[in-house]
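**Student:** Questions regarding the structure given below will be posed in turn.
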Amino acid sequence: MTYYFKTTWIALLSIFSIIGMTPIRAEVFQEQKKEDSVDYRQMKIKSYQHWDLYLHENQGYLGRTFVQLKKEEGIDDFLSIGKEAQDEFFKIGQEVKIALKTLFQPDKMNYAALSNTSPKIHVHLIPRYQKPREFAGLVFKDARWGQNYAPYDKSFTVDQDVLFQIRDAIKEKL
């Protein structure tokens, strides 16, 4: 191991330790994710020229969505996308923000483009709530209000029927 690699790895382990995460190999996470995930083809809300909009399977933040770039050839990070895709991304963001404000009245929006667990270019749109919200007979509470959205409660689940109700409500407002 080179000195640079060793010091970088030690720094990453320190950061993981500080934020309470355990580093795992990406391929192991991806295998777990495949087994535990919903079929995202069913979570698609809308398709655009450059992006697809999906409902995130974890609705700990009611209305959490993400947009995923369709064509990624030659694009290695979010800042490498072309002007046309950039413009469309901001148009989608505004549409989703308006739809979520109409449906669930979030107090704030968070955006995350980390690409840590998926190599595909995607951006999360995460509504944040100061007080609990109710939808489909369930109460959704933003336990991390005033803090970073992550780490979020990955054990929080709702039935697929509720996911489809949230998806369809957003779809109707777009």
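**Student:** Which residue, chosen from THR117, ALA150, LEU79, occupies the Cα position most advanced towards the positive end of the dipole of segment 38-173, where the dipole is computed from +1 (Lys, Arg) and -1 (Asp, Glu) charges on Cβ about the Cα centre?
**Tutor:** With unit charges placed on the Cβ atoms, the residue in question is ALA150.
**Student:** Please state the charge dipole magnitude for segment 38-173, taken about the Cα centre, from unit charges on C-beta atoms (+1 on K and R, -1 on D and E), reported in debye and rounded to the nearest 20.
**Tutor:** Approximately 380 debye in magnitude.
**Student:** Considering the Cα trace of segment 39-131, what is its radius of gyration and what is Dmax, both in angstroms?
**Tutor:** 13.0, 43
**Student:** Among TRP145, TRP51, rank each residue by its count of other Cβ atoms within 10 Å, from fewest to most, as a rough exposure measure.
**Tutor:** By the 10 Å Cβ count, ascending, the order reads TRP145, TRP51.
**Student:** What lysines does LYS44 reach when the alpha-carbon gap must be under 20 Å and sequence neighbours fewer than 8 apart in one chain are set aside?
**Tutor:** LYS33, LYS34, LYS70, LYS71, LYS91, LYS97, LYS101, LYS120, LYS171, LYS173
**Student:** Something else about it: At a 10 Å Cβ-Cβ cut-off, how would you order LYS71, LYS131, fewest neighbours first?
**Tutor:** Fewest-to-most Cβ neighbours within 10 Å comes out as LYS131, LYS71.
A short reminder: the numbers here are calculations on the coordinates, not readings from a lab. Only a predicted model underlies this, so the values are computations on that prediction, with no experimental measurement involved. Neighbour counts run over all protein chains shown; Cβ positions are idealised from the backbone, glycine included.
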